[in-house]
Amino acid sequence: MVRIKICGITNAADARAAATVGADAIGLVFYRKSPRALDAARTQEILTALPPFITRVGLFVNADAAEVAATLQQYPLDVLQFHGDESPSFCRNFDRPYIKVLRVTAAQDLRPAVDAYHDAQGLLLDCAVPGVWGGSGQSFDWWRLADLGKPWILAGGLHAGNVAEAIAIARPYAVDVSSGVEMSPGRKDHDKMAQFVARVRSA
Ligand SMILES: O=C(O)c1ccccc1N[C@@H]1O[C@H](COP(=O)(O)O)[C@@H](O)[C@H]1O
């Protein structure tokens, strides 16, 4: 079964809807320049609204170690997602499972990254778009990856209309979607989320 993370949740109603349609994980963006960035009140509201057994992923882009540590003190996050240029030693600093994002455009040898981030819980492949760290809605040329010896997550420009094909080609452990299930940046479309989950489940 392919797992599903819905990222960029910004309010309680969207968090509840993501859980209701069957998401396995939600992503909370702690990157101030994102249109999906959270403040303390929103973060608390979302975490309070979320039912049990949904993984809470905190997304960071080149944050200071102190900022990541302070966020972890404040909120019960299950997994960290490092979406910038964070080094392996930075990522393993927080005594928390982490996912390292690799930005790609097409097939490439991922072995060096797998070796460097050997203690990552998973790797996430997103589309490399100049000047944009993520949430771009752009996809890369999917390819069938050789076994990485580690779970990996497919992201970048996914939506209900292409996710089945993406899974058939790439065979990821999980998929991650943000803009493809939105009505506008930071506002999820609940029907699009339901359609996305249904397509993944039937892929
Ligand atoms: O969502 C954001 O605003 C964001 C900002 C900075 C880094 C990553 C971000 N989102 C992540 O980007 C990928 C792909 O998103 P999309 O589905 O193409 O919109 C996904 O992992 C989001 O979690």
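The value of relative contact order for the stretch 79-203, using C-alpha pairs under 8 Å at least six residues apart, is 19 percent.
Of all stretches in the chain that contain no chymotrypsin sites (Phe, Trp or Tyr not before Pro) in a DSSP loop with at most 16 other Cβ atoms within 10 Å, the longest one is 54-142. Once you reduce the stretch 1-59 and the stretch 148-203 to the center of their Cα atoms, the two points are 15 Å from each other. Test of understanding: extend the Cα→C-beta vector of Gln73 to 7 Å, then name every residue of the stretch 83-111 with backbone N under 16 Å from that spot. Counting only backbone N, you get 94-95.
With a cut-off of 20 Å on the backbone N, the residues of the stretch 141-163 near the modelled label site 7 Å out from Arg187 along Cα-Cβ are 160.
Given Cβ point charges of +1 (Lys, Arg) and -1 (Asp, Glu) and nothing else, what value in debye, to the nearest 20, does the dipole of the stretch 1-157 about its Cα centre take? Could you put the intermediate results ahead of the total?
Working: 15 positive and 16 negative charges, 53 e Å.
So the dipole magnitude of the stretch 1-157 works out to roughly 260 debye.
State the answer as a single residue: which of Ala49, Gln108, Gly134 lies farthest towards the positive end of the charge dipole of the stretch 3-202, with beta carbon charges of +1 for Lys and Arg and -1 for Asp and Glu, about the Cα centre. Selected residue: Ala49.
Quick note: the coordinates plus some simple rules give every number you see, no bench work behind them. These numbers were taken from a predicted model, which means no experiment stands behind them. Methodologically, a virtual Cβ is constructed for each residue, glycine included, from the backbone with ideal geometry; neighbour enumeration extends over all protein chains shown.
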